[in-house]
Amino acid sequence: NLIHKISTHRYKRMSATLNNPFQNIVEPLSPEVPSLKFFNLLKLRDPRYERLPFSIRVLLESAIRNCDEFLVKSSDVENILNWQQTQTQSVEVPFRPARVILQDFTGVPAVVDFAAMRDAVMKLGGDPEKINPVCPADLVIDHSIQVDFNRKSDSLQKNQDLEFDRNKERFQFLKWGSKAFKNMRIIPPGSGIVHQVNLEYLARVVFNHHGFFYPDSLVGTDSHTTMIDGLGVLGWGVGGIEAEAVMLGQPISMVLPEVVGYKLHGTPDKLITSTDIVLTVTKHLRQVGVVGKFVEFFGPGVPQLSIADRATIANMCPEYGATAAFFPVDEISVNYLEQTGREPETLAYITKYLKAAAMFRDYNNVAQDPDFTQVVELDLGTVVPCCSGPKRPQDRIPVSEMKTDFETCLGAKQGFKGFQVAPERYNAVVPFQFNNKEYTLSHGSVVIAAITSCTNTSNPSVMLGAGLLAKKAIECGLSVKPYIKTSLSPGSGVVTSYLKESGVMDYLSQLGEI
């Protein structure tokens with residue numbers, strides 16, 4: 001029945017697409033090459049379009065391009081165009097993302113379901129090879145490795161060997177899937193963290209599908225899928241069933257969101273890291289209340305941020321509760337694409353298309369600022385060095401207050417900011433043995449030192465900062481206590497490369513192995 005319904009939907013969509021009511025706004029991207037086309041939303045000649053937030057323009061383009069009066073209707077297009085009124089009315093609209101991204105834990109069930117559909121088709125006498133994802137899908141294997149070995153030069157190899165041993169059956173199945181299914185790419189283990197691979201390699205920014213241009217967008221089966229919003233690609237995390245539906249060509253039904261405009265201005269202090277900025281933004285947005293909303297960044301402060309910095313802020317989206325944290329594409333985005341190896345002709349059509357569709361951003365041009373549900377501001381010059389904790393990444397504490405805050409948390413009531421330790425136990429010291437040597441632990445002792453979070457491992461400034469700190473520690477004769485479990489997980493091969501090229505990897509390794 002499922003296969004029959006999908007086939008029926010596809011047939012109706014194919015028939016209806018020929019009669020897309022917005023075919024009249026299709027035009028060549030360049031007069032010299034009439035075969036390369038796009039839906040020119042400016043040809044709607046509707047003044048509401050250029051007042052829409054850039055993130056909503058992506059939803060509108062998808063609705064117009066996929067309008068078939070069956071799954072996506074003209075009334076849906078009007079609802080999105082009329083966002084100023086409909087944003088607060090809980091209006092549902094369909095959205096067909098350009099692609100889907102999966103990681104191995106949540107992606108394996110999807111591949112299993114496609115394999116099961118092939119079995120069903122074969123039993124019915126059909127051609128099983130016709131069952132493939134309709135929407136392009138990428139599956140990155142990055143959630144399988146564990147840190148069983150540490151503090152040795154061969155720890156990485158041993159951990160990877162164990163990963164392959166534990167997941168042999170799953171990996172064999174996924175390797176079969178990578179060859180069996182069309183429209184699906186599977187990125188092998190050891191390539192990096194899914195979100196960094198998405199930024200550096202998988203992101204198209206603008207799709208060129210058989211000579212038709214449209215914005216890149218996606219849903220992913222990981223809560224931090226939002227990291228890609230930092231590059232100007234609209235995306236967020238969904239459940240496995242929703243992701244599979246998109247892979248089968250079905251749109252997501254979503255409530256048209258409010259969009260909070262987050263204006264950045266000022267210049268951050270030279271000692272401020274992207275982590276300091278993201279923790280400040282996270283705390284601010286949690287106070288504002290952005291659950292279920294889009295956040296779109298604008299203002300003259302945005303060009304002060306690299307794509308790595310923007311991606312770090314977008315990555316923390318689940319911690320402040322927004323659906324997406326969007327940085328529209330600008331020149332810095334295009335420069336990043338060039339740095340990560342995209343072809344010159346690809347960069348040319350990306351820029352040309354986005355400018356033609358009024359989706360290319362100049363953050364210093366106030367005339368481009370759209371209308372938002374609400375606007376909040378941050379002066380980057382007010383950001384101070386900070387950390388988070390003691391339990392949650394969104395609980396920001398200025399470094400200057402860290403000692404006082406931790407001492408307060410020791411005695412505070414049990415909770416996110418409290419351990420409820422009795423006052424007479426504040427200075428308790430517990431002896432223990434490790435490798436036949438005596439050590440002691442007290443409140444606040446470090447037992448794990450890990451650089452593994454996708455929020456940090458993709459950012460050159462903080463990764464190189466960690467490397468320089470390691471260099472100075474070694475030069476000062478400092479070492480890590482042998483009972484502390486250390487681990488470093490570079491976000492991609494590129495991160496490993498620049499840590500080695502800069503000469504800091506040796507110092508990081510020494511600290512981890514001493």
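The values are calculated or read from the model by the stated rules, or taken from the named source; none is laboratory data. From a predicted model like this one, the values you see are computed outputs, not experimental measurements. Methodologically, a virtual Cβ is constructed for each residue, glycine included, from the backbone with ideal geometry; neighbour enumeration extends over all protein chains shown. Please note that ligands, DNA and RNA were not included when accessible areas were found on the heavy atoms of the full protein model with its side chains. Shrake-Rupley method; radii C 1.70, N 1.55, O 1.52, S 1.80 Å.
Across the stretch 47-72, which residue is farthest from residue 82 (Cα to Cα) among those that are touching a helix residue (DSSP H, G or I) at 6+ places or on another chain (Cβ under 6 Å) and open to solvent by 40 Å² or more (accessible area, probe 1.4 Å)? Going through the qualifying residues, I end up with 70. The residues of the stretch 284-339 that are closer than 18 Å to residue 455 by Cα and among the small types (Gly, Ala, Ser), listed by number, are 306, 308, 311, 314, 321, 322, 324, 325. Each residue in the stretch 47-104 was checked for being acidic (Asp, Glu) and on the phi > 0 side of the Ramachandran plot, and 1 of them qualify. Taking the stretch 144-244 and the strands (runs of 3 or more DSSP E) fully enclosed by it, the elements with 2 or more residues that are at negative phi, open to solvent by 30 Å² or more (accessible area, probe 1.4 Å) and out of contact with any helix residue (DSSP H, G or I) (no Cβ under 6 Å at 6 or more places or on another chain) are at 206-209.
Can residue 323 be described as at pLDDT 95 or above and polar (S, T, N, Q)? Yes.
Only one of the numbered conditions (1) surrounded by 11 or more Cβ atoms within 10 Å (Cβ to Cβ); (2) in contact with a His (Cβ under 9 Å, 6 or more places away or on another chain) is not met by residue 411, and that is (2). Go through the stretch 475-506 and give me each residue that's within 23 Å of residue 437 (Cα to Cα) and either part of a helix (DSSP H, G or I) or of a type in the set (Phe, Trp, Tyr) (or both). The one that is within 23 Å of residue 437 (Cα to Cα) and either part of a helix (DSSP H, G or I) or of a type in the set (Phe, Trp, Tyr) (or both): 483.
Residues of the stretch 433-465 that are over 28 Å from the mean Cα position of the chain (by Cα), open to solvent by 50 Å² or more (accessible area, probe 1.4 Å) and at negative phi: 433, 434, 437, 438, 440, 441, 442, 443, 446, 447.
Taken over the stretch 254-275, residues that are modelled with pLDDT under 95 and open to solvent by less than 10 Å² (accessible area, probe 1.4 Å) amount to 1. Among the residues of the stretch 466-502, write down those that are of a type in the set (Gly, Ala, Ser), in contact (Cβ under 8 Å) with a residue 24 or more places away in the chain and either closer than 22 Å to residue 339 by Cβ or open to solvent by less than 60 Å² (accessible area, probe 1.4 Å) (or both). Residues satisfying the conditions are 466, 467, 470, 473, 487, 489, 491, 492, 493, 502. Scan the stretch 95-113 residue by residue and report those that are open to solvent by 20 Å² or more (accessible area, probe 1.4 Å) and not in a loop (DSSP other than H, G, I, E, B). Result: 105, 106, 108, 109, 112, 113.
The residues on offer are 250, 287, and the sole one that is within 24 Å of residue 301 (Cβ to Cβ), open to solvent by 30 Å² or more (accessible area, probe 1.4 Å) and of a type in the set (S, T, N, Q) is 287.
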